[in-house]
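Written below as structure tokens is the structure these notes are about.
The values are calculated or read from the model by the stated rules, or taken from the named source; none is laboratory data. Note that the structure is predicted; figures quoted are calculated from it, not measured. We place every Cβ from the backbone using ideal geometry, glycine too, and count neighbours over all the protein chains shown. Note: areas computed on protein heavy atoms with side chains; ligands, DNA, RNA excluded. Shrake-Rupley method; radii C 1.70, N 1.55, O 1.52, S 1.80 Å.
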Amino acid sequence: MKTSKKTLAAACVAMVTLAISGCDVVNPGPVQDEFLAEDASQAGLVNGAWRRLAETLSYGNYTMAVLSREVFPGGQIGAFGHDVDVQGGHVRPGDDVGRWNDTQQARFIAETAIKRFTEVDADDDMMYLAHLYAGFAYRTLGEWWCDAVLDSQDPADAEPGVYVQGTDSMFTRAVWNFTQALSYASSADEQAAARGGRASAYLWLKKYAEAAGDAATVHDNFEFNIKFDGLEQAYYNGIYWSNARKPYLSWSLNHTWHKEEYDRSGDPRLEWFTDPAFPYAVGSLSGYGQVPWSNQKKYSDQSDDQRIVSGWEMRLVQAEAILAQNGNHLTALELINKVRRRNISLSTSAALPDYTSASATETWKWLKQERGIELWLEGRRLGDERRWAKLATPGALYQPSVAWETLTPLFKANPRSYCLDIPDSERDSNPNVPASGT
């Protein structure tokens with residue numbers, strides 16, 4: 001997938017609303033390519049990459065929550081909804097339900113910035129941001145999509161991207177960019193963001209020693225967030241806005257494992273609520289009817305940021321790396337419980353009780369559960385389930401008390417999808433990518 005200079009210029013101009021933007025645009029028209037590396041343009045260029053990734057995550061995280069059964073679809077009527085297949089957990093071949101173009105543009109703009117900044121020996125902070133954002137764009141492409149389309153890393157190369165089955169190549173490029181970002185980092189927090197991103201990419205590449213080593217350097221309370229924008233709907237926090245009653249009530253937590261776990265444990269990370277003024281989600285879910293409405297408390301405004309790296313995730317990366325390398329389940333369990341016990345139950349006012357385990361298989365179960373709680377509604381669960389299935393890891397995945405397949409035929413009409421397909425818009429325009437269904 002190749003992004004045009006016209007698209008690139010428009011995206012860069014649109015970025016001035018970000019808090020970290022460092023330039024003012026007087027005439028938001030096409031920008032000549034040679035001016036993109038000038039000091040006044042550099043912040044706009046890197047912010048353009050970040051903005052495109054924010055657009056991906058805004059609506060895409062909501063889609064991933066539906067597919068991973070973190071939320072129960074409410075029977076949408078069009079706006080901030082999904083088609084019936086996606087509500088049932090299935091992505092049709094060739095459908096673009098994950099903002100493919102935005103994610104590709106995010107990494108393309110970042111790579112353009114890297115090339116231009118290198119030519120003019122830009123400041124280290126600009127080089128850091130360009131590589132960091134490229135790394136997160138590649139990580140998202142790897143976690144969300146089934147296969148890859150790899151362009152040349154030189155934005156001047158206009159050849160169409162090469163189709164590659166699987167997404168290891170995306171994580172390899174993510175690792176490279178995070179490593180480059182580290183070489184420009186000027187603070188402990190900048191290092192933590194790059195090392196945290198790299199640790200999560202190493203986990204996918206089965207480089208467990210490297211993943212654990214990076215994760216260990218990130219302190220518990222560190223967070224690096226994607227910043228959403230409360231001014232433009234395309235950049236709202238989509239998990240919040242799609243169910244905010246302003247006017248959307250697109251999904252519910254009823255029938256989810258997460259709601260049941262909150263009711264059992266009072267885990268504050270899974271807190272939910274209802275509103276008597278809105279007893280049902282909008283529309284009618286196929287085969288089910290009106291869905292009783294409930295909502296999350298993790299996000300409370302359309303401009304709420306969302307984590308994309310955290311120290312608590314890194315403790316779970318360390319635990320998974322230990323289990324995958326040597327099965328030392330007691331050491332892994334202590335890391336998992338460290339993440340868990342910091343949370344005070346809203347039911348008991350006491351720390352959540354530790355998990356106990358007598359085997360590596362049981363510890364894998366707790367790892368998968370705790371990761372599902374800690375990263376809930378952050379767009380990561382579907383990729384995790386796909387990764388664990390590919391590796392045939394032991395330990396059962398959590399399941400709600402009532403199987404969704406028994407609630408309506410919608411959930412068994414098609415096989416569940418665990419990744420997104422390359423859309424037909426890319427397949428039709430790129431001769432290197434096979435047609436969908438072939």
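Do you know the relative contact order of the chain, to the nearest whole percent, from alpha carbon pairs under 8 angstrom that are 6+ apart? Computed value for the chain: 21 percent relative contact order. Across segment 319-324, rounded Karplus estimates of 3J(HN,Hα) from the backbone phi angles (6.51 cos²θ - 1.76 cosθ + 1.60, θ = phi - 60°) give 4, 5, 4, 5, 4, 6 Hz, Gly and Pro being marked x. Dipole magnitude for segment 243-316: about 60 debye, using +1 per Lys or Arg Cβ and -1 per Asp or Glu Cβ, origin at the Cα centre. Between residue 115 and residue 358, residue separation times 0.36 nm minus the direct Cα-Cα distance comes to 82.2 nm.
Summed over the residues of the chain and divided among them, the accessible surface reaches 39 Å² per residue at a probe radius of 1.4 Å. Here the contact order of segment 46-128, divided by its residue count and restricted to Cα pairs under 8 Å and six or more residues apart, works out to 43 percent. Assign one of three labels to segment 162-277, namely rounded, prolate or oblate, based on the Cα gyration tensor with a ≥ b ≥ c the square roots of its eigenvalues; rounded applies when a/c is under 1.5, prolate when it is not and a/b is larger than b/c, and oblate otherwise. The shape class here is prolate. For segment 360-430, what class follows from the C-alpha gyration tensor (a ≥ b ≥ c being the square roots of its eigenvalues): rounded when a/c is under 1.5, otherwise prolate if a/b is larger than b/c, else oblate? Oblate, since a/c reaches 1.5 and b/c is not below a/b.
In the chain, what percent of the accessible surface is made up of carbon and sulfur (1.4 Å probe, ligands and nucleic acids excluded)?
Percent of accessible area from carbon and sulfur atoms in the chain: 51.
Restricting the trypsin sites (Lys or Arg not before Pro) of segment 323-373 to loop positions (DSSP other than H, G, I, E, B) with no more than 15 neighbouring Cβ atoms within 10 Å leaves 342. Seen against the Cα atoms of the chain and their longest principal axis, helix 329-341 is set at about 90 degrees. Structure note, pairs 259/338; 246/368; 115/338; 207/259; 207/412: Cα-Cα distances above 32 angstrom occur for 246/368; 115/338; 207/259; 207/412. Distance between the C-alpha centers of segment 51-86 and segment 368-411? Whole Å please. Result: 16 Å between the Cα centres. Ellipticity at 222 nm from helices only: DSSP H runs of n ≥ 4 in the chain, each -39500 (n - 2.57), divided by the residue count, give -14500 deg cm²/dmol.
Using θ = phi - 60° in the Karplus curve 6.51 cos²θ - 1.76 cosθ + 1.60, the 3J(HN,Hα) couplings for segment 378-395 round to 10, x, 10, 5, 4, x, 4, 5, 5, 5, 5, 5, 4, 8, 6, 6, x, x Hz; x is entered for Gly and Pro. Taking amide H as placed 1.01 Å from N in the peptide plane, residue 162 has its amide H under 5 Å from the amide H of 150, 151, each at least 5 places away in sequence or on another chain.
Checking the a/c ratio against 1.5 first, then a/b against b/c, what shape does the Cα gyration tensor give for segment 71-205? In terms of gyration-tensor shape, prolate. Evaluated with a Cβ-only charge set (Lys, Arg +1; Asp, Glu -1), the chain carries a dipole of roughly 1340 debye about its Cα centre, given to the nearest 20.
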